[in-house]
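Since the structure comes first, as structure tokens, the remarks are kept for the end.
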Amino acid sequence: MSFRFNGFRGFRPATSVSSIAMIIIMTIVLAILGSAVLAQEMEDQKPKKPRFEKTDLTLTDNKAGLTWTLSGNLAERQFSWNGAFDYLERTINKDSYAGVRDWRVPTREELMSLMELAKSQGHERKSSEKSLSAALAAMGFQNVQNDKYWSSTENYYFAAEAWVVDMKDGAAVIADKTLYFNLWPVRSSR
């Protein structure tokens, strides 16, 4: 028994299969592109978190993921490097300042990030009229001292020294850990 398909003279199986495959691929590609566009539109419609969020006790920089005490001189005194760590543990963290217990001495880079914040407020490193502390005060920080602040970053070559950042001009220098400087507690907010 044999079959003849007279009605399919123009039918080319290989061409039809490749055309169908091409249509399926194009449909998938268009669906993926449409999903990406829709996802971007939905992301654009979400309310964006502001760069800075201020409370009565803290200022959070959402871009850097850091929360600083609002007061740049919370203890209202200076400490040796070890004294700064002791003060954080025995007072700030023990008393759950701002409801949390994970305050720490900032790294040199975190203190230097305050320089970037100040630049966004018009601070110029060389200008005596626009000190770093004045620019930070304009952002809402309080009691920022025109003086050096301890960082947790130690001198890689000499363990008796650590980095400090001067809030007058943003300069970072190495200092002996027995000297007394300010402490500005920070915590990660992410």
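Bear in mind these aren't lab numbers, they're just calculated from the coordinates by the rules spelled out. From a predicted model like this one, the values you see are computed outputs, not experimental measurements. Note that each Cβ is placed from the backbone with ideal geometry, even for glycine, and that neighbours are counted across all protein chains shown.
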Problem set entry | Spacing of the two label points (7 Å from each Cα toward its C-beta) at Ser189 and Asn62, in nm | 0.9 nm
Seminar exercise, completed: Per the rule of 0.36 nm per residue minus the C-alpha distance, extending Lys94 to Glu76 adds in nm 4.7 nm
Problem set entry | Hydrodynamic radius of region 27-125 per Kirkwood, over alpha carbon pairs, in Å | 16.9 Å
For this session: For each of Arg51, Arg104, Arg190, count neighbouring Cβ atoms within 10 Å of the residue's Cβ, then give the residues from fewest to most.
Result: Arg190, Arg51, Arg104
Problem set entry | Inter-label distance for Leu38 and Asp147, nm, one decimal - labels placed 7 Å from Cα along Cα-to-Cβ | 6.1 nm
Seminar exercise, completed: One would report the Cα pair-distance distribution of region 52-188, bin width 10 Å, in %, as 13, 46, 34, 7, 0
Seminar exercise, completed: Final fewest-first order of Arg187, Arg101, Arg90 on the 10 Å Cβ neighbour count is Arg90, Arg101, Arg187
Problem set entry | Residue pairs, from the table Lys49/Lys177; Lys54/Lys148; Lys94/Lys148; Lys48/Lys119, whose Cα atoms sit over 28 Å apart | Lys49/Lys177
